[in-house]
1. If only one of Glu113, Glu30, Glu72, Glu36 is among the acidic types (Asp, Glu) and modelled with pLDDT under 95, which one is it?
2. Return the residue satisfying two criteria in turn: it lies in segment 198-238 and is farther than 15 Å from Leu7 by Cβ and among the β-branched types (Val, Ile, Thr), and of such residues it is surrounded by the most Cβ atoms within 10 Å (Cβ to Cβ).
3. In segment 247-269, how many are open to solvent by 60 Å² or more (accessible area, probe 1.4 Å) and either among the β-branched types (Val, Ile, Thr) or outside any helix (DSSP H, G or I) (or both)?
4. Given the conditions (1) in contact with a helix residue (DSSP H, G or I) (Cβ under 9 Å, 6 or more places away or on another chain); (2) among the polar types (S, T, N, Q); (3) surrounded by fewer than 18 Cβ atoms within 10 Å (Cβ to Cβ), which single one is not true for Thr20?
5. Does Ala189 satisfy the criteria of being without any contact (Cβ under 8 Å) to a residue 24 or more places away in the chain and either open to solvent by less than 50 Å² (accessible area, probe 1.4 Å) or of a type in the set (Lys, Arg) (or both)?
6. Pick from segment 113-128 the residues that are open to solvent by less than 50 Å² (accessible area, probe 1.4 Å) and assigned to a helix (DSSP H, G or I): which of them is nearest to Leu197 (Cα to Cα)?
7. Tell me which residues, restricted to segment 34-62, are more than 16 Å from the chain's Cα centre (by Cα) and open to solvent by less than 40 Å² (accessible area, probe 1.4 Å).
Amino acid sequence: MKKIGFLSFGHHQPGTPTPTAADALRQMVELAVAAEALGVDGAFLRVHHFAPQFSTPFPLLAAMAARTDRIELGTAVIDMRYENPLYLAEQAAATDLLSGERLQLGISRGSPEPALHGASAFGYVPADGETDADMARRHTTMFRRALSGAAVVRADPQMTGRPGMLAVQPTSPTLAERIWWGSGTRATAKWTAEVGLNLMSSTLLTEDTGVPFDELQAEQIRIFREEWARQGHLREPRVSVSRSVIPITTDTDRRFFGRERDSRDEVGYLDGGTARFGRTYAGEPDVIAEQLAADAAVQAADTVLVTVPNQLGVGYNAHLLESIVRDVAPAAGWR
């Protein structure tokens, strides 16, 4: 059985059912509640800065935790270029404890963004000889140390009564095993396994070998699993892939997404290199279930995150999720 989650970018725009940031935030909470009632396994949000989308995940995740009981709550992903590792560890641990240890925290180097050198506005600039990716991994290393309860700062004997080192507080004892790395290439998938993180792979790969998207992504997953076994990690890793899945069952669905029936992979240029973008699966539930059952990467993953058109409102997105859980998932062999 595969876990099924939904992923929202939190877009908001005047003239849509999600006109403001407040609407996007509140609707995400309501959609998590509805998704849990429908039997969806996870509610995930994408983090972007300097854009009309979600940017501050932890208040939102805590609000979602307060209104739900079972569903996994996650990020896909937090851009580590922008993060203070110690503050992130505190925020993540507190949110995880509030949720009853349901947090699934996806992090990564991040994606191209509207801001030019946006992380520098937050006070983070690569050191001499570092790239943005190097800085993101450096932040990640410190974040994971802090999250594990390692001592990271010297104590002040005048306050503590003795010398020594201090860890951040609070800590969550199991969260370290629920950290994922958003990987866009086969090389970063191998690195993800080397350092012992779960793997997230989206509808975009920042490389192209000429093979279909699902086959390239399945190769990425295979490399990850082989390296994980080679490293001798004691636990079983988790692997998620994202897909755009639109069951067409009503006239409204056809009006919004009928043109997506013939969607195909696309190849383009992103962040200075060639990238391959995955197709949208749109059509009658039995048709897209058959297509997803033949998707090599979906078959190799244990979790599928379906991206939702959040600007169409809670009711419409709950309708899509219900059709995916009820009609698509069983026919695709996920349930």
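The values are calculated or read from the model by the stated rules, or taken from the named source; none is laboratory data. Only a predicted model underlies this, so the values are computations on that prediction, with no experimental measurement involved. Note that each Cβ is placed from the backbone with ideal geometry, even for glycine, and that neighbours are counted across all protein chains shown. Remember, those area values only see protein heavy atoms, side chains included, never the ligands or the DNA or RNA. Shrake-Rupley method; radii C 1.70, N 1.55, O 1.52, S 1.80 Å.
1. Values: Glu30 fails: modelled with pLDDT under 95; Glu72 fails: modelled with pLDDT under 95; Glu36 fails: modelled with pLDDT under 95.
Result: Glu113 is the single residue among Glu113, Glu30, Glu72, Glu36 that is among the acidic types (Asp, Glu) and modelled with pLDDT under 95.
2. Only one residue fits best here, namely Ile221.
3. So the first thing to find is which residues in segment 247-269 are open to solvent by 60 Å² or more (accessible area, probe 1.4 Å), and the list is 251, 254-256, 259, 261-262, 264, 266-267, 269.
Those still in the list that are either among the β-branched types (Val, Ile, Thr) or outside any helix (DSSP H, G or I) (or both) too: 264, 266-267, 269.
So the answer is 4.
4. (1)
5. Working: without any contact (Cβ under 8 Å) to a residue 24 or more places away in the chain: no; either open to solvent by less than 50 Å² (accessible area, probe 1.4 Å) or of a type in the set (Lys, Arg) (or both): yes.
Judged against the criteria, Ala189 is not a match.
6. Only one residue tops the list, namely Ala119.
7. Residues of segment 34-62 that are more than 16 Å from the chain's Cα centre (by Cα), as a first pass: 34-39, 50-52, 59, 62.
Answer for segment 34-62, where residues must be more than 16 Å from the chain's Cα centre (by Cα) and open to solvent by less than 40 Å² (accessible area, probe 1.4 Å): Ala34, Ala35, Glu36, Gly39, Ala51, Ala62.
Yes/no matrix, rows are residues, columns are (1) modelled with pLDDT under 95; (2) over 29 Å from His233 (Cβ atoms); (3) surrounded by 17 or more Cβ atoms within 10 Å (Cβ to Cβ):
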| site | (1), (2), (3) |
| --- | --- |
| Glu130 | no, no, no |
| Met159 | yes, yes, no |
| Leu175 | no, no, yes |
| Trp181 | no, no, yes |
| Val195 | no, no, no |
